[in-house]
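The values are calculated or read from the model by the stated rules, or taken from the named source; none is laboratory data. These figures come from a predicted structure and were not determined experimentally. Note: ideal-geometry Cβ built from the backbone for every residue, glycine included; neighbour counts use all protein chains shown.
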Amino acid sequence: MKKLNLKVWIPSIAIEGALELVEFKYSKGLQITLEDIQNNTYQIQFNKEKNGNYILACRFADEMKRSDLAEPAFQARKNEVDTVRKSWSLYKAINSDFVDWYDQLPGPGSEHYHIDHYIIVTSDETFEILSEVEPTIIKLA
């Protein structure tokens, strides 16, 4: 099994600190609504269709079950050029076992498409999404 490495995913919209889940919805794409400690609300939208799909795969786990991400997440924050973020929720995986799993399924995979593995960590949940297109993040309130 490859060693999972994470990279801090810093979207173009300014987000500070950890995020908490408000809503998870799949309808004409995937929308994940999150809130920060200052009650700012953001929506991550995987709503751009490519090759007939909004996303390629998604998995969810209780944060405790994915405690294996704690050390790679810490290292990713430590390696961040701007600053070491004490608390952060958005990552991209490098050497992804999720992409490896997807590649074992019938049909084209990462040998034909550029697939990114996005990880969204809250205090209670971990969402992992495989997508060919970077999602849009908007501030709702």
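Name the single residue, out of those in the stretch 42-88 being among the hydroxyl-bearing types (Ser, Thr, Tyr) and surrounded by fewer than 16 Cβ atoms within 10 Å (Cβ to Cβ), that is modelled with the lowest pLDDT. It would help to see each step written out before you state the result.
Step one: list which residues in the stretch 42-88 are among the hydroxyl-bearing types (Ser, Thr, Tyr), which gives 42, 54, 67, 83, 87.
Imposing the further condition that a residue be surrounded by fewer than 16 Cβ atoms within 10 Å (Cβ to Cβ) reduces the set to 67, 83, 87.
On the way: 67: 81, 83: 54, 87: 78.
Top of the filtered list is 83.
Scanning the stretch 3-35 for residues that are over 14 Å from the mean Cα position of the chain (by Cα), part of a strand (DSSP E or B) and surrounded by fewer than 17 Cβ atoms within 10 Å (Cβ to Cβ) yields 22, 23, 25, 26.
Look at (1) small (Gly, Ala, Ser); (2) within 16 Å of residue 11 (Cα to Cα); (3) outside any loop (DSSP other than H, G, I, E, B) and you find that residue 87 fails only one, number (3). The set of residues in the stretch 118-138 being within 17 Å of residue 88 (Cα to Cα) and not aliphatic (A, V, I, L, M) consists of 118, 122, 123, 124, 125, 126, 127, 128. Only a single item in (1) of a type outside the set (A, V, I, L, M, F, W, C); (2) touching a Leu at 6+ places or on another chain (Cβ under 8 Å); (3) more than 11 Å from residue 136 (Cβ to Cβ); (4) outside any strand (DSSP E or B) is not met by residue 38, and it is number (2). Within the stretch 41-57, track down each residue that is part of a loop (DSSP other than H, G, I, E, B) and touching a Gly at 6+ places or on another chain (Cβ under 9 Å). Answer for the stretch 41-57, where residues must be part of a loop (DSSP other than H, G, I, E, B) and touching a Gly at 6+ places or on another chain (Cβ under 9 Å): 47, 48, 49, 54, 55, 56. Of the residues in the stretch 54-64, at least one is farther than 15 Å from residue 130 by Cβ, within 16 Å of the chain's Cα centre (by Cα) and not aliphatic (A, V, I, L, M).
Within the stretch 115-133, at least one residue is acidic (Asp, Glu), modelled with pLDDT of 90 or more and either more than 28 Å from residue 37 (Cα to Cα) or in a helix (DSSP H, G or I) (or both). Here the stretch 99-141 is the region considered, the condition is being among the acidic types (Asp, Glu) and surrounded by 12 or more Cβ atoms within 10 Å (Cβ to Cβ), and the residue that is farthest from residue 57 (Cα to Cα) is 125.
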